[in-house]
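One structure below.
The values are calculated or read from the model by the stated rules, or taken from the named source; none is laboratory data. The structure presented is a predicted model; accordingly, all values stated were derived computationally and were not measured. Neighbour counts are summed over all protein chains in view; Cβ atoms, including those assigned to glycine, are modelled from backbone coordinates with ideal geometry. Calculation scope for accessible area: heavy atoms of the full protein, side chains included, ligands and nucleic acids excluded. Shrake-Rupley method; radii C 1.70, N 1.55, O 1.52, S 1.80 Å.
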Amino acid sequence: MSLNDQWRRVRARLQAELGEATFNSWFKQIDLIGVGDGRVMLSVPTRFIRNWIVSHYADRLSKLWADEDADFARVEILVAASETKPNGADDAERTMRPVPASVPVENQPVTGAVPAGLEDAGVGAPLDPRFTFDAFVVGKSNELAHAAARRVAEATDVSFNPLFLYGGVGLGKTHLMHAIAWEIRTRQPERKVLYLSAEKFMYQFVRALRFKDTMAFKQQFRSVDVLMIDDVQFISGKDSTQEEFFHTFNALIDHNRQVIISADRSPSDLEGIEERIRSRLGWGLAADIHPTDYELRLGILQAKAEEMMQKNGPVTIPAGVLEFLAHRIVSNVRELEGALKRVVAYASFVGRPITLDMSQEVLRDLLRSNDRKITIEEIQRRVAEYYNVRLADMLSARRARAVARPRQVAMYLAKQLTSRSLPEIGRKFGGRDHTTVIHAVRKIDELCHLDSGIEEDVDLLRRMLEGGHGPN
């Protein structure tokens, strides 16, 4: 087997382990330079990426390569730009067997990832061609964010500034950011769009300080028509970076340039971010992306399954399997799509048809992980809906039986389905003492043995919560 074949196998295994998002962020631009003296030499475009990979995945890379060829004891990672090579790199490279197809060049673009018209020279991040508006499935939880993103992408002027997209991990913020950039590129190719993560913004700023080139940094970021910064929460606590971000933000807003920001929480809830920045981030439109409901999850899976069937030929994915995944994988869209890919890949590798039993077997670890993520807030909401009482009343001091019984059921389920302590559960129920929770658990446990109606209610609620069924 050739070196390139071995490298492709290592990359494939790494991508399968990490998932596409992490792999594309850190490993998509890694190249094989050559091998020699028991070493494998890889290159990456920036020192920042090199340091991150060395800190987090050096051992794993070495192990994966050793699985391919036991003669290689370690993996070394170099920065492609010649002026940033570590001491001794030139001597090392003279003794390596080269791989002609993988010669690193400074600022070498990722093929097909960065369209013309976007910032290059290593400043911006590549765009994922899969993340377009056509590939984004819209539901109640994301319709506002989608509509706002569409408006910004299609507008010839600045409607609201900034557009601030926020929500939990894997709910579609980055997808919408990329979709906006692609749409602007298609409609108005003359506009200068720069997309990058807050982490890379910080890296570029620190690099400018190090090389005493802050004027060039300011010019790069303040000369764009559209600036898009993903995961702005990562500059939390970084005072100097926040200062520069603040001035860049103001300069672009003052010149009527579009700014688009994403984060994992609303502007007012960003901890470690200066008050003046949080205030400015709230100037425009803040659009929340809520956790997905069952209908949206099923729609996403159906779209992804159709795409897989077009690419992979005659693969049959039963509707029951999609419904099962939509019910059980409730954490985020990224994990949902990953679960479907695992099932399809397994079926392809072992030559088995896709069935519900096979899917449960393949996703056993993921299903357990999602089961553990049931929250007290989710229990309270579902119990209140089931018994047709207001959530506020159930958490209040009211002692009427119509409210007290659902409250006790919710406490009982919180004890059974979460790892929270009794005092924590009590605090979530209007600041009650842990002895109240103990009484509720004992009471419902007793009633389940005496009253078949209560037992059925508790059993149904448990199955709804564990399986993701019921109202969302």
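Looking at this structure, is residue 385 under 30 Å from residue 436 (Cα atoms), at pLDDT 85 or above and touching a Gly at 6+ places or on another chain (Cβ under 9 Å)? Can you show your working first?
Working: under 30 Å from residue 436 (Cα atoms): yes; at pLDDT 85 or above: yes; touching a Gly at 6+ places or on another chain (Cβ under 9 Å): yes.
Here the answer is yes, as residue 385 does meet what is asked.
Taking the stated definitions as given, is residue 292 within 26 Å of residue 152 (Cβ to Cβ) and of a type in the set (Val, Ile, Thr)?
Details: within 26 Å of residue 152 (Cβ to Cβ): yes; of a type in the set (Val, Ile, Thr): yes.
So residue 292 fits the description; yes.
Scan the stretch 250-272 and tell me whether some residue there is modelled with pLDDT under 90, more than 19 Å from residue 227 (Cα to Cα), among the aliphatic types (A, V, I, L, M) and in contact with a helix residue (DSSP H, G or I) (Cβ under 9 Å, 6 or more places away or on another chain).
Yes, the stretch 250-272 contains at least one residue that is modelled with pLDDT under 90, more than 19 Å from residue 227 (Cα to Cα), among the aliphatic types (A, V, I, L, M) and in contact with a helix residue (DSSP H, G or I) (Cβ under 9 Å, 6 or more places away or on another chain).
Under 8 Å by Cβ, and 6 or more places apart or on different chains, what pairs join a residue from the stretch 429-441 that is closer than 13 Å to residue 395 by Cβ with one that is open to solvent by 60 Å² or more (accessible area, probe 1.4 Å) and not charged (D, E, K, R)?
As it stands, the answer is 430/397, since those pairs meet every condition given.
Give just the number: which of (1) in contact (Cβ under 8 Å) with a residue 40 or more places away in the chain; (2) more than 21 Å from the chain's Cα centre (by Cα) does residue 381 not satisfy?
Among (1) in contact (Cβ under 8 Å) with a residue 40 or more places away in the chain; (2) more than 21 Å from the chain's Cα centre (by Cα), residue 381 violates only (1).
Can you tell which of 153, 149 is at pLDDT 90 or above and touching a Leu at 6+ places or on another chain (Cβ under 6 Å)? Before the answer, list the steps.
Numbers: 153 fails: touching a Leu at 6+ places or on another chain (Cβ under 6 Å).
After applying the criteria, what remains is 149.
Considering every residue within the stretch 204-221, establish whether at least one is within 20 Å of residue 163 (Cα to Cα), open to solvent by less than 50 Å² (accessible area, probe 1.4 Å), touching a residue at least 24 places away in the same chain (Cβ under 8 Å) and touching a helix residue (DSSP H, G or I) at 6+ places or on another chain (Cβ under 6 Å). Outline the logic, then answer.
Filtering the stretch 204-221 down to residues within 20 Å of residue 163 (Cα to Cα) leaves 221.
If we keep only those that are open to solvent by less than 50 Å² (accessible area, probe 1.4 Å) as well, we get 221.
So of that shortlist, the ones also touching a residue at least 24 places away in the same chain (Cβ under 8 Å) come out as 221.
Next, only the ones that are touching a helix residue (DSSP H, G or I) at 6+ places or on another chain (Cβ under 6 Å) stay: 221.
Taking every residue of the stretch 204-221 in turn, at least one turns out to be within 20 Å of residue 163 (Cα to Cα), open to solvent by less than 50 Å² (accessible area, probe 1.4 Å), touching a residue at least 24 places away in the same chain (Cβ under 8 Å) and touching a helix residue (DSSP H, G or I) at 6+ places or on another chain (Cβ under 6 Å).
Of the conditions (1) more than 23 Å from residue 26 (Cα to Cα); (2) modelled with pLDDT of 85 or more, residue 216 satisfies every one except a single condition; which number is it?
(2)
Which of (1) without any contact (Cβ under 8 Å) to a residue 40 or more places away in the chain; (2) within 21 Å of the chain's Cα centre (by Cα) does residue 338 not meet, given it meets every other one?
Status for residue 338: all satisfied but (1).
Only one residue in 348, 331 is open to solvent by 20 Å² or more (accessible area, probe 1.4 Å) and under 17 Å from residue 170 (Cβ atoms), so which one is that?
Values: 348 fails: under 17 Å from residue 170 (Cβ atoms).
After applying the criteria, what remains is 331.
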